[in-house]
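K.L.:
I am attaching a structure below and will ask some questions about it afterwards.
The values are calculated or read from the model by the stated rules, or taken from the named source; none is laboratory data. All figures in this text were calculated on a predicted structure; none of them were measured in a lab. Reconstructed Cβ throughout: ideal geometry from the backbone, glycine too, with neighbour counts over all protein chains shown. Side chains included, ligands, DNA and RNA excluded: accessible areas come from the protein's heavy atoms. Shrake-Rupley method; radii C 1.70, N 1.55, O 1.52, S 1.80 Å.
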Amino acid sequence: MLGGIESDFDVDRLPADVSPAALGESLQTLPILAPRRLVRWLEPDSRRGSKALDALPDLLKEAPKDASTVLVVTSPKADKRSRWVKAFGKSLVDCAAPTKGREIAAFVRREAEQQG
């Protein structure tokens with residue numbers, strides 16, 4: 001659901017082995033029924049030498065600058081030193097779950113406070 005409107009027209013779910021051309025086309029497509037499009041790229045594997053991952057920094061530069069498309073890349077082991085991860089700059093959101101006891105306790109405390 002984007003902008004209060006549920007629409008498969010404005011959501012792309014791309015597989016790990018998507019081609020650079022298909023990824024670029026998805027990033028260039030404008031939304032149809034909502035203010036934004038969501039492009040989800042599911043677990044690209046940088047260890048296999050993905051051509052789309054190599055092309056991603058250039059594709060991001062070519063994407064519309066009006067924030068009409070939101071790209072979400074889910075990757076359990078993204079190397080922050082890699083060129084494609086660095087291409088996101090300050091837009092990168094690391095959603096790693098807490099693993100240490102103190103981190104988990106602090107997370108639970110914050111959530112409890114926020115939820116009252």
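K.L.:
For region 25-45, which positions are touching an Asp or Glu at 6+ places or on another chain (Cβ under 7 Å), crowded, with 16+ Cβ neighbours inside 10 Å and more than 21 Å from residue 90 (Cα to Cα)?
P.N.:
Those that are touching an Asp or Glu at 6+ places or on another chain (Cβ under 7 Å), crowded, with 16+ Cβ neighbours inside 10 Å and more than 21 Å from residue 90 (Cα to Cα): 26, 31, 34.
K.L.:
What are the pairs, 6+ residues apart or on separate chains, where a residue within region 75-102 that is closer than 16 Å to residue 43 by Cβ has its Cβ under 8 Å from a residue that is among the acidic types (Asp, Glu) and modelled with pLDDT under 85?
P.N.:
75/43; 76/43; 85/79
K.L.:
Further question: Among the numbered criteria (1) modelled with pLDDT of 90 or more; (2) open to solvent by less than 40 Å² (accessible area, probe 1.4 Å); (3) of a type outside the set (Asp, Glu); (4) out of contact with any Pro (no Cβ under 9 Å at 6 or more places or on another chain), which single criterion is violated by residue 59?
P.N.:
(4)
K.L.:
Only residues that are out of contact with any Leu (no Cβ under 9 Å at 6 or more places or on another chain) and among the β-branched types (Val, Ile, Thr): list them for region 66-106, please.
P.N.:
Result: 93, 99, 104.
K.L.:
Which of the residues belonging to region 75-94 are open to solvent by less than 50 Å² (accessible area, probe 1.4 Å) and outside any helix (DSSP H, G or I)?
P.N.:
75, 78, 82, 87, 88
K.L.:
Now a separate question. So residue 97 ticks every box in (1) open to solvent by 80 Å² or more (accessible area, probe 1.4 Å); (2) over 21 Å from residue 13 (Cβ atoms) but one. Which box is left unticked?
P.N.:
(1)
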